[in-house]
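Just below is one structure, and these are the notes that go with it.
The values are calculated or read from the model by the stated rules, or taken from the named source; none is laboratory data. Everything quoted here is computed from the prediction, not taken from an experiment. We place every Cβ from the backbone using ideal geometry, glycine too, and count neighbours over all the protein chains shown.
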């Protein structure tokens, strides 16, 4: 099932159109997006539960969702 804008916003909350399009373009399912969101927000807790590391698509989604850090010169 292809994710819709509503699916994405239902998992991550308000997001800009570019991010939503990038997420939809991955071909991921809403379940994979929810897993990526969980890893991004609670990776230590998930590891402590003994959960396996995320699958490649989930890891790619987490990377898209990760806030960019400002580079300081």
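May I ask you to list the residues in the stretch 11-44 that are within 15 Å of residue 59 (Cβ to Cβ) and in contact (Cβ under 8 Å) with a residue 40 or more places away in the chain?
Once the filter is applied, which keeps residues that are within 15 Å of residue 59 (Cβ to Cβ) and in contact (Cβ under 8 Å) with a residue 40 or more places away in the chain, the stretch 11-44 yields 22, 23.
Mind listing whichever residues of the stretch 9-37 are in a loop (DSSP other than H, G, I, E, B), within 14 Å of residue 55 (Cβ to Cβ) and touching a helix residue (DSSP H, G or I) at 6+ places or on another chain (Cβ under 8 Å)?
Matches in the stretch 9-37: 26, 27, 28.
For the subset of the stretch 40-64 comprising residues that are crowded, with 16+ Cβ neighbours inside 10 Å, closer than 19 Å to residue 8 by Cα and more than 8 Å from the chain's Cα centre (by Cα), which member is modelled with the lowest pLDDT?
54
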